[in-house]
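Since the structure comes first, as C-alpha coordinates, the remarks are kept for the end.
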Amino acid sequence: MPTVQDLARLLEATAPLAYQESYDNAGLQCGDPQQEVRGVLISLDCTPVIVAEALRRGCNVVVCHHPVIFRPLKRLTGANEVEQTIIAALKNDVAVYAAHTNLDNVRGGVNDKLAEKLGLLKTRILAPQSGTLARLTTYVPDGPGYQEQGLADQVLAAMYAAGAGQVGKYSECSFRTAGTGTFTPGAGTQPTIGAANQPEAISELKLEVLLPLHRQAAVLRALRAAHPYEEVAYELMKLENTHQDVGAGLVGELPEEMNPAAFRQLLKERLRVPVVRFTAFEKSIRKVALCGGAGAFLIGAARAAGADAYVTGDVKYHEFFGAEGQLMLCDVGHFESEQYTGEVFRDLLTAGFGRTFAVLFAETNTNPVQYDC
Ligand SMILES: [Zn+2]
(Lines give C-alpha, C1' and ligand atoms only; values in the text may rest on other atoms or scores of the structure.)
Protein backbone atom coordinates (compact mmCIF):
# COMPACT_ATOMS: atom_id res chain seq x y z
CA MET A 1 0.00 0.00 0.00
CA PRO A 2 1.28 3.52 -0.77
CA THR A 3 2.20 5.64 2.22
CA VAL A 4 1.33 9.27 2.94
CA GLN A 5 4.85 10.11 1.79
CA ASP A 6 4.25 8.30 -1.54
CA LEU A 7 1.07 10.35 -1.96
CA ALA A 8 2.97 13.58 -1.24
CA ARG A 9 5.69 12.65 -3.77
CA LEU A 10 3.08 11.88 -6.41
CA LEU A 11 1.25 15.19 -6.01
CA GLU A 12 4.54 17.12 -5.78
CA ALA A 13 5.74 15.64 -9.08
CA THR A 14 3.01 17.79 -10.70
CA ALA A 15 2.94 20.61 -8.13
CA PRO A 16 6.44 20.93 -6.59
CA LEU A 17 6.45 22.73 -3.24
CA ALA A 18 9.20 24.98 -4.66
CA TYR A 19 6.56 26.64 -6.86
CA GLN A 20 4.37 27.83 -3.99
CA GLU A 21 4.28 31.56 -3.18
CA SER A 22 6.57 32.77 -0.38
CA TYR A 23 3.65 33.37 2.02
CA ASP A 24 2.18 29.90 1.53
CA ASN A 25 2.40 26.70 3.60
CA ALA A 26 1.53 23.86 1.22
CA GLY A 27 2.50 20.23 1.85
CA LEU A 28 1.79 17.73 4.63
CA GLN A 29 -0.04 19.64 7.39
CA CYS A 30 -0.12 16.87 9.96
CA GLY A 31 0.18 13.09 10.15
CA ASP A 32 2.75 10.35 9.86
CA PRO A 33 4.48 10.24 6.45
CA GLN A 34 5.04 6.48 6.89
CA GLN A 35 1.36 5.70 7.46
CA GLU A 36 -0.26 3.57 4.79
CA VAL A 37 -3.10 5.21 2.89
CA ARG A 38 -6.45 3.39 3.32
CA GLY A 39 -8.61 6.01 1.62
CA VAL A 40 -8.46 9.67 0.58
CA LEU A 41 -11.16 12.28 1.07
CA ILE A 42 -10.82 15.27 -1.27
CA SER A 43 -12.03 18.70 -0.23
CA LEU A 44 -11.28 22.34 -1.00
CA ASP A 45 -10.94 23.09 2.73
CA CYS A 46 -10.23 20.87 5.73
CA THR A 47 -12.40 21.53 8.79
CA PRO A 48 -13.42 19.39 11.80
CA VAL A 49 -16.53 18.36 9.83
CA ILE A 50 -14.33 17.16 6.95
CA VAL A 51 -12.13 15.13 9.34
CA ALA A 52 -15.31 13.56 10.75
CA GLU A 53 -16.54 12.77 7.23
CA ALA A 54 -13.17 11.17 6.40
CA LEU A 55 -13.50 8.87 9.43
CA ARG A 56 -17.11 8.02 8.68
CA ARG A 57 -16.22 7.05 5.11
CA GLY A 58 -13.12 5.02 5.94
CA CYS A 59 -10.49 7.53 4.83
CA ASN A 60 -7.30 8.23 6.78
CA VAL A 61 -6.01 11.02 4.53
CA VAL A 62 -7.61 14.35 3.61
CA VAL A 63 -6.22 16.03 0.50
CA CYS A 64 -7.26 19.68 0.31
CA HIS A 65 -6.41 22.88 -1.57
CA HIS A 66 -6.26 25.42 1.28
CA PRO A 67 -3.61 24.72 3.95
CA VAL A 68 -5.13 24.26 7.41
CA ILE A 69 -2.03 25.70 9.06
CA PHE A 70 -1.36 28.99 7.31
CA ARG A 71 0.21 30.97 10.15
CA PRO A 72 2.47 29.28 12.72
CA LEU A 73 0.59 27.76 15.66
CA LYS A 74 1.87 28.63 19.15
CA ARG A 75 -0.38 26.21 21.02
CA LEU A 76 -2.91 23.47 20.31
CA THR A 77 -5.82 23.87 22.71
CA GLY A 78 -8.77 23.73 20.33
CA ALA A 79 -9.42 27.47 20.69
CA ASN A 80 -10.34 27.92 17.03
CA GLU A 81 -11.34 25.90 13.98
CA VAL A 82 -7.75 25.46 12.77
CA GLU A 83 -6.62 23.99 16.11
CA GLN A 84 -9.79 21.86 16.33
CA THR A 85 -9.10 20.46 12.85
CA ILE A 86 -5.50 19.52 13.66
CA ILE A 87 -6.42 18.00 17.03
CA ALA A 88 -9.22 15.92 15.46
CA ALA A 89 -6.91 14.76 12.67
CA LEU A 90 -4.05 13.80 15.01
CA LYS A 91 -6.31 12.04 17.53
CA ASN A 92 -7.78 9.89 14.76
CA ASP A 93 -4.60 9.26 12.73
CA VAL A 94 -5.90 11.22 9.77
CA ALA A 95 -3.13 12.84 7.71
CA VAL A 96 -3.91 16.18 6.06
CA TYR A 97 -2.13 17.19 2.87
CA ALA A 98 -2.60 20.55 1.08
CA ALA A 99 -1.54 21.57 -2.44
CA HIS A 100 -2.24 25.31 -2.66
CA THR A 101 -0.37 27.97 -4.68
CA ASN A 102 1.99 25.26 -5.95
CA LEU A 103 -1.07 23.75 -7.67
CA ASP A 104 -2.17 27.23 -8.84
CA ASN A 105 1.20 27.86 -10.47
CA VAL A 106 1.57 24.75 -12.67
CA ARG A 107 0.02 23.40 -15.85
CA GLY A 108 -2.56 20.73 -15.16
CA GLY A 109 -3.52 22.48 -11.91
CA VAL A 110 -6.33 24.67 -10.58
CA ASN A 111 -6.43 27.07 -13.52
CA ASP A 112 -6.24 24.48 -16.30
CA LYS A 113 -9.22 22.74 -14.69
CA LEU A 114 -11.18 26.02 -14.59
CA ALA A 115 -10.22 26.76 -18.22
CA GLU A 116 -11.36 23.27 -19.22
CA LYS A 117 -14.75 23.85 -17.56
CA LEU A 118 -15.14 27.11 -19.51
CA GLY A 119 -14.02 25.46 -22.75
CA LEU A 120 -10.98 27.69 -23.31
CA LEU A 121 -8.50 26.78 -26.04
CA LYS A 122 -4.85 27.78 -26.70
CA THR A 123 -4.18 28.40 -23.02
CA ARG A 124 -0.91 29.71 -21.62
CA ILE A 125 0.30 30.94 -18.22
CA LEU A 126 -0.77 34.55 -17.66
CA ALA A 127 2.14 35.64 -15.42
CA PRO A 128 5.07 33.21 -15.89
CA GLN A 129 7.52 33.00 -12.96
CA SER A 130 11.18 33.86 -13.35
CA GLY A 131 14.06 32.62 -11.21
CA THR A 132 13.04 28.95 -11.36
CA LEU A 133 15.48 27.75 -14.05
CA ALA A 134 19.23 27.08 -14.19
CA ARG A 135 21.74 25.96 -16.80
CA LEU A 136 24.20 23.22 -15.93
CA THR A 137 27.41 22.89 -17.92
CA THR A 138 29.70 19.89 -17.49
CA TYR A 139 32.51 18.14 -19.37
CA VAL A 140 32.99 14.45 -20.22
CA PRO A 141 36.01 12.72 -21.81
CA ASP A 142 35.50 11.99 -25.50
CA GLY A 143 38.74 10.19 -26.43
CA PRO A 144 39.15 6.54 -27.48
CA GLY A 145 37.12 4.19 -25.28
CA TYR A 146 34.68 6.88 -24.10
CA GLN A 147 33.14 7.64 -27.50
CA GLU A 148 32.34 3.95 -28.16
CA GLN A 149 30.67 3.48 -24.80
CA GLY A 150 28.52 6.57 -25.41
CA LEU A 151 29.61 8.22 -22.17
CA ALA A 152 28.10 11.63 -23.03
CA ASP A 153 24.70 10.02 -23.65
CA GLN A 154 24.92 8.04 -20.41
CA VAL A 155 25.68 11.15 -18.36
CA LEU A 156 22.89 13.06 -20.09
CA ALA A 157 20.42 10.21 -19.58
CA ALA A 158 21.17 10.19 -15.84
CA MET A 159 20.59 13.94 -15.62
CA TYR A 160 17.36 13.72 -17.68
CA ALA A 161 16.05 11.05 -15.31
CA ALA A 162 16.71 13.42 -12.40
CA GLY A 163 14.68 16.22 -14.00
CA ALA A 164 17.01 18.07 -16.42
CA GLY A 165 16.54 18.72 -20.14
CA GLN A 166 12.83 19.58 -20.24
CA VAL A 167 11.83 22.64 -22.30
CA GLY A 168 8.06 23.01 -22.58
CA LYS A 169 6.77 19.81 -24.17
CA TYR A 170 10.27 18.85 -25.39
CA SER A 171 12.32 16.43 -23.32
CA GLU A 172 15.99 15.36 -23.47
CA CYS A 173 17.10 18.84 -24.63
CA SER A 174 20.87 19.45 -24.50
CA PHE A 175 23.70 21.16 -26.34
CA ARG A 176 27.21 19.75 -26.84
CA THR A 177 30.50 21.17 -28.13
CA ALA A 178 33.81 19.40 -28.65
CA GLY A 179 37.01 20.84 -27.20
CA THR A 180 40.17 20.15 -25.29
CA GLY A 181 40.28 19.83 -21.53
CA THR A 182 43.53 20.33 -19.61
CA PHE A 183 44.46 19.39 -16.05
CA THR A 184 47.32 18.30 -13.84
CA PRO A 185 46.35 15.76 -11.19
CA GLY A 186 47.79 16.76 -7.79
CA ALA A 187 49.70 14.59 -5.32
CA GLY A 188 47.57 11.81 -3.80
CA THR A 189 44.96 11.83 -6.57
CA GLN A 190 43.74 8.76 -8.45
CA PRO A 191 42.92 10.23 -11.85
CA THR A 192 40.75 8.29 -14.31
CA ILE A 193 43.05 9.56 -17.07
CA GLY A 194 46.75 10.45 -16.65
CA ALA A 195 48.99 10.33 -13.59
CA ALA A 196 49.79 12.53 -10.59
CA ASN A 197 51.86 15.65 -11.40
CA GLN A 198 51.67 14.98 -15.19
CA PRO A 199 49.96 17.75 -17.24
CA GLU A 200 47.23 16.29 -19.48
CA ALA A 201 45.34 17.58 -22.52
CA ILE A 202 42.45 15.40 -23.69
CA SER A 203 39.44 15.52 -26.00
CA GLU A 204 36.29 16.39 -24.07
CA LEU A 205 32.67 17.22 -24.80
CA LYS A 206 31.05 20.19 -23.09
CA LEU A 207 27.43 19.34 -22.24
CA GLU A 208 24.77 21.91 -21.38
CA VAL A 209 21.27 21.26 -20.04
CA LEU A 210 18.46 23.32 -18.50
CA LEU A 211 16.96 22.26 -15.20
CA PRO A 212 14.38 23.53 -12.72
CA LEU A 213 16.30 24.95 -9.73
CA HIS A 214 14.42 22.78 -7.26
CA ARG A 215 15.86 19.67 -9.00
CA GLN A 216 19.44 20.92 -8.58
CA ALA A 217 20.52 18.51 -5.83
CA ALA A 218 19.05 15.48 -7.61
CA VAL A 219 20.61 16.40 -10.98
CA LEU A 220 24.06 16.97 -9.42
CA ARG A 221 23.80 13.62 -7.61
CA ALA A 222 22.95 11.92 -10.91
CA LEU A 223 25.83 13.70 -12.67
CA ARG A 224 28.38 12.60 -10.06
CA ALA A 225 27.10 9.01 -10.11
CA ALA A 226 27.27 8.71 -13.92
CA HIS A 227 30.54 10.60 -14.48
CA PRO A 228 33.85 8.68 -14.44
CA TYR A 229 36.01 11.51 -13.03
CA GLU A 230 37.19 11.75 -9.44
CA GLU A 231 36.49 15.51 -9.51
CA VAL A 232 33.56 16.35 -11.75
CA ALA A 233 33.84 19.88 -13.19
CA TYR A 234 30.53 21.70 -13.67
CA GLU A 235 29.03 25.19 -13.63
CA LEU A 236 25.53 26.00 -12.50
CA MET A 237 24.03 29.31 -13.65
CA LYS A 238 20.71 30.61 -12.38
CA LEU A 239 18.75 32.05 -15.32
CA GLU A 240 16.55 35.14 -15.52
CA ASN A 241 14.33 33.42 -18.11
CA THR A 242 10.69 33.00 -17.21
CA HIS A 243 9.39 29.44 -17.02
CA GLN A 244 6.55 29.27 -19.55
CA ASP A 245 4.80 26.48 -17.66
CA VAL A 246 5.10 27.89 -14.13
CA GLY A 247 3.27 30.96 -12.88
CA ALA A 248 -0.05 32.52 -11.88
CA GLY A 249 -3.26 32.65 -13.89
CA LEU A 250 -4.03 31.46 -17.38
CA VAL A 251 -5.15 33.10 -20.61
CA GLY A 252 -6.88 31.38 -23.51
CA GLU A 253 -9.61 31.77 -26.10
CA LEU A 254 -13.24 30.80 -26.36
CA PRO A 255 -13.99 28.63 -29.43
CA GLU A 256 -16.27 31.44 -30.66
CA GLU A 257 -16.76 35.00 -29.53
CA MET A 258 -19.73 35.66 -27.27
CA ASN A 259 -21.57 38.80 -26.23
CA PRO A 260 -20.83 39.83 -22.62
CA ALA A 261 -24.24 38.75 -21.28
CA ALA A 262 -23.95 35.30 -22.89
CA PHE A 263 -20.49 34.89 -21.38
CA ARG A 264 -21.80 35.74 -17.91
CA GLN A 265 -24.56 33.18 -18.43
CA LEU A 266 -21.89 30.61 -19.35
CA LEU A 267 -20.06 31.42 -16.09
CA LYS A 268 -23.24 31.01 -14.05
CA GLU A 269 -24.00 27.64 -15.60
CA ARG A 270 -20.54 26.08 -15.70
CA LEU A 271 -19.51 27.39 -12.28
CA ARG A 272 -22.91 26.84 -10.66
CA VAL A 273 -22.99 30.36 -9.27
CA PRO A 274 -26.23 32.37 -8.96
CA VAL A 275 -24.63 35.76 -9.42
CA VAL A 276 -21.59 37.30 -11.12
CA ARG A 277 -20.19 40.69 -10.06
CA PHE A 278 -18.73 42.39 -13.12
CA THR A 279 -17.57 45.62 -14.75
CA ALA A 280 -19.30 47.06 -17.83
CA PHE A 281 -17.74 46.05 -21.15
CA GLU A 282 -19.39 46.60 -24.53
CA LYS A 283 -17.30 44.52 -26.94
CA SER A 284 -17.63 40.81 -27.55
CA ILE A 285 -15.64 38.27 -25.51
CA ARG A 286 -13.09 36.00 -27.14
CA LYS A 287 -9.86 36.14 -25.13
CA VAL A 288 -10.37 35.13 -21.49
CA ALA A 289 -7.93 35.32 -18.58
CA LEU A 290 -8.66 33.54 -15.32
CA CYS A 291 -7.24 32.76 -11.91
CA GLY A 292 -8.90 30.49 -9.36
CA GLY A 293 -9.25 32.00 -5.86
CA ALA A 294 -8.29 35.56 -4.98
CA GLY A 295 -6.86 36.83 -8.27
CA ALA A 296 -7.22 40.62 -8.21
CA PHE A 297 -3.43 40.87 -8.27
CA LEU A 298 -3.52 39.76 -11.92
CA ILE A 299 -6.01 42.36 -13.27
CA GLY A 300 -3.11 44.32 -14.81
CA ALA A 301 -1.61 41.17 -16.35
CA ALA A 302 -5.01 40.25 -17.83
CA ARG A 303 -5.28 43.72 -19.40
CA ALA A 304 -1.72 43.54 -20.69
CA ALA A 305 -2.47 40.15 -22.28
CA GLY A 306 -5.36 41.76 -24.17
CA ALA A 307 -8.05 39.71 -22.42
CA ASP A 308 -11.68 40.72 -23.05
CA ALA A 309 -12.74 39.15 -19.76
CA TYR A 310 -10.95 38.21 -16.54
CA VAL A 311 -12.57 35.61 -14.31
CA THR A 312 -11.53 35.28 -10.66
CA GLY A 313 -12.82 35.62 -7.08
CA ASP A 314 -12.52 37.89 -4.03
CA VAL A 315 -12.38 41.19 -5.94
CA LYS A 316 -12.73 44.23 -3.65
CA TYR A 317 -14.73 47.36 -4.52
CA HIS A 318 -11.70 49.52 -5.32
CA GLU A 319 -10.12 46.79 -7.40
CA PHE A 320 -13.03 46.97 -9.86
CA PHE A 321 -12.02 50.55 -10.76
CA GLY A 322 -9.82 50.81 -13.80
CA ALA A 323 -11.19 47.62 -15.34
CA GLU A 324 -14.35 49.39 -16.59
CA GLY A 325 -14.41 49.58 -20.38
CA GLN A 326 -10.99 47.85 -20.51
CA LEU A 327 -12.18 44.31 -19.87
CA MET A 328 -15.11 42.58 -18.22
CA LEU A 329 -13.78 41.81 -14.75
CA CYS A 330 -15.94 38.95 -13.41
CA ASP A 331 -15.96 37.95 -9.74
CA VAL A 332 -17.55 34.50 -9.57
CA GLY A 333 -16.63 33.81 -5.92
CA HIS A 334 -13.54 32.26 -4.39
CA PHE A 335 -14.99 28.80 -3.72
CA GLU A 336 -16.80 28.68 -7.08
CA SER A 337 -13.65 29.43 -9.07
CA GLU A 338 -11.79 26.59 -7.31
CA GLN A 339 -14.60 24.08 -6.87
CA TYR A 340 -13.30 21.71 -9.56
CA THR A 341 -9.80 21.47 -8.06
CA GLY A 342 -10.82 18.16 -6.47
CA GLU A 343 -10.95 16.63 -9.95
CA VAL A 344 -7.26 17.48 -10.38
CA PHE A 345 -6.44 15.62 -7.15
CA ARG A 346 -8.62 12.64 -8.10
CA ASP A 347 -7.08 12.34 -11.56
CA LEU A 348 -3.50 12.54 -10.23
CA LEU A 349 -4.16 9.99 -7.47
CA THR A 350 -5.96 7.46 -9.65
CA ALA A 351 -3.37 7.82 -12.43
CA GLY A 352 -0.56 7.25 -9.91
CA PHE A 353 -2.02 4.57 -7.66
CA GLY A 354 -4.81 2.98 -9.69
CA ARG A 355 -7.48 1.52 -7.45
CA THR A 356 -5.24 0.63 -4.49
CA PHE A 357 -7.44 2.78 -2.23
CA ALA A 358 -10.69 4.76 -2.40
CA VAL A 359 -10.54 8.38 -3.58
CA LEU A 360 -13.76 10.13 -2.56
CA PHE A 361 -15.09 13.66 -3.00
CA ALA A 362 -16.31 15.25 0.23
CA GLU A 363 -20.08 15.49 0.53
CA THR A 364 -19.73 18.37 2.98
CA ASN A 365 -19.84 21.76 1.25
CA THR A 366 -17.21 23.88 2.99
CA ASN A 367 -18.15 27.16 1.24
CA PRO A 368 -19.10 29.52 4.12
CA VAL A 369 -20.60 32.06 1.66
CA GLN A 370 -24.36 31.85 0.97
CA TYR A 371 -26.37 33.70 -1.69
CA ASP A 372 -29.83 35.14 -1.14
CA CYS A 373 -31.11 35.99 -4.59
ZN1 LIG B 1 -8.40 29.53 -2.71
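The values are calculated or read from the model by the stated rules, or taken from the named source; none is laboratory data. Keep in mind it's a predicted model, so treat the numbers as computed, not measured. Neighbour counts run over all protein chains shown; Cβ positions are idealised from the backbone, glycine included. Please note that ligands, DNA and RNA were not included when accessible areas were found on the heavy atoms of the full protein model with its side chains. Shrake-Rupley method; radii C 1.70, N 1.55, O 1.52, S 1.80 Å.
Does region 110-118 contain any residue that is open to solvent by less than 20 Å² (accessible area, probe 1.4 Å), in a loop (DSSP other than H, G, I, E, B) and closer than 30 Å to Gln34 by Cα? Within region 110-118, none of the residues are open to solvent by less than 20 Å² (accessible area, probe 1.4 Å), in a loop (DSSP other than H, G, I, E, B) and closer than 30 Å to Gln34 by Cα.
Scanning region 328-361 for residues that are touching an Asp or Glu at 6+ places or on another chain (Cβ under 6 Å) and either more than 16 Å from the ligand (Cβ to nearest atom) or among the aliphatic types (A, V, I, L, M) (or both) yields a total of 0. I'd like the full set of residues that are farther than 16 Å from Asp245 by Cα, modelled with pLDDT of 95 or more and of a type outside the set (A, V, I, L, M), limited to region 105-150. Within region 105-150, Glu116, Lys117, Gly119, Arg135, Thr137, Thr138, Tyr139 qualify. If you take the residues in region 201-214 that are more than 12 Å from Pro141 (Cα to Cα) and out of contact with any helix residue (DSSP H, G or I) (no Cβ under 9 Å at 6 or more places or on another chain), which one is surrounded by the fewest Cβ atoms within 10 Å (Cβ to Cβ)? Going through the qualifying residues, I end up with Glu208.
For the condition under 17 Å from Ala88 (Cβ atoms) and more than 23 Å from the chain's Cα centre (by Cα), Gly31 does not qualify. Screening Arg355 on (1) farther than 20 Å from His66 by Cα; (2) open to solvent by less than 30 Å² (accessible area, probe 1.4 Å) shows it passes everything except condition (2).
For region 36-63: of the residues being more than 13 Å from Thr85 (Cα to Cα) and within 16 Å of the ligand (Cβ to nearest atom), which is surrounded by the most Cβ atoms within 10 Å (Cβ to Cβ)? Out of the qualifying residues, it is Ser43. Among the residues of region 280-307, those that are more than 16 Å from the ligand (Cβ to nearest atom), free of Cβ contacts under 8 Å to residues at least 40 places away in the same chain and either within 28 Å of the chain's Cα centre (by Cα) or within 21 Å of Pro128 (Cα to Cα) (or both) comprise Arg286, Lys287, Ile299, Gly300, Arg303, Ala304, Gly306. Within region 302-326, the residues that satisfy the criterion of being part of a helix (DSSP H, G or I), over 15 Å from Ile125 (Cα atoms) and either open to solvent by less than 40 Å² (accessible area, probe 1.4 Å) or of a type in the set (Phe, Trp, Tyr) (or both) are Tyr317, Phe320. Restricting the first member to region 75-99 and to residues that are without any contact (Cβ under 8 Å) to a residue 60 or more places away in the chain, and the second to residues that are assigned to a loop (DSSP other than H, G, I, E, B) and open to solvent by 70 Å² or more (accessible area, probe 1.4 Å), the beta-carbon pairs closer than 9 Å and six or more apart or on different chains are Val82/Phe70; Val82/Arg71; Glu83/Arg75; Glu83/Leu76; Glu83/Thr77; Ile86/Leu76; Ile87/Leu76; Ile87/Thr77. Restricting region 327-352 to residues that are crowded, with 16+ Cβ neighbours inside 10 Å and free of Cβ contacts under 8 Å to residues at least 60 places away in the same chain, the residue that is nearest to the chain's Cα centre (by Cα) is His334.
The requirement of being surrounded by fewer than 23 Cβ atoms within 10 Å (Cβ to Cβ) and within 12 Å of Val96 (Cβ to Cβ) is not satisfied by Pro16.
Val273: surrounded by fewer than 24 Cβ atoms within 10 Å (Cβ to Cβ), within 16 Å of the ligand (Cβ to nearest atom) and among the hydrophobic types (A, V, I, L, M, F, W, C), yes or no? So Val273 fits the description; yes.
In contact with a helix residue (DSSP H, G or I) (Cβ under 7 Å, 6 or more places away or on another chain), of a type in the set (A, V, I, L, M, F, W, C) and not in a loop (DSSP other than H, G, I, E, B): does that describe Leu55? For Leu55, the condition - in contact with a helix residue (DSSP H, G or I) (Cβ under 7 Å, 6 or more places away or on another chain), of a type in the set (A, V, I, L, M, F, W, C) and not in a loop (DSSP other than H, G, I, E, B) - is not met.
As a summary of the residue check, Val167 satisfies the conditions (1) in contact with a Leu (Cβ under 9 Å, 6 or more places away or on another chain); (2) modelled with pLDDT of 95 or more; (3) of a type in the set (A, V, I, L, M, F, W, C) except for the one numbered (2).
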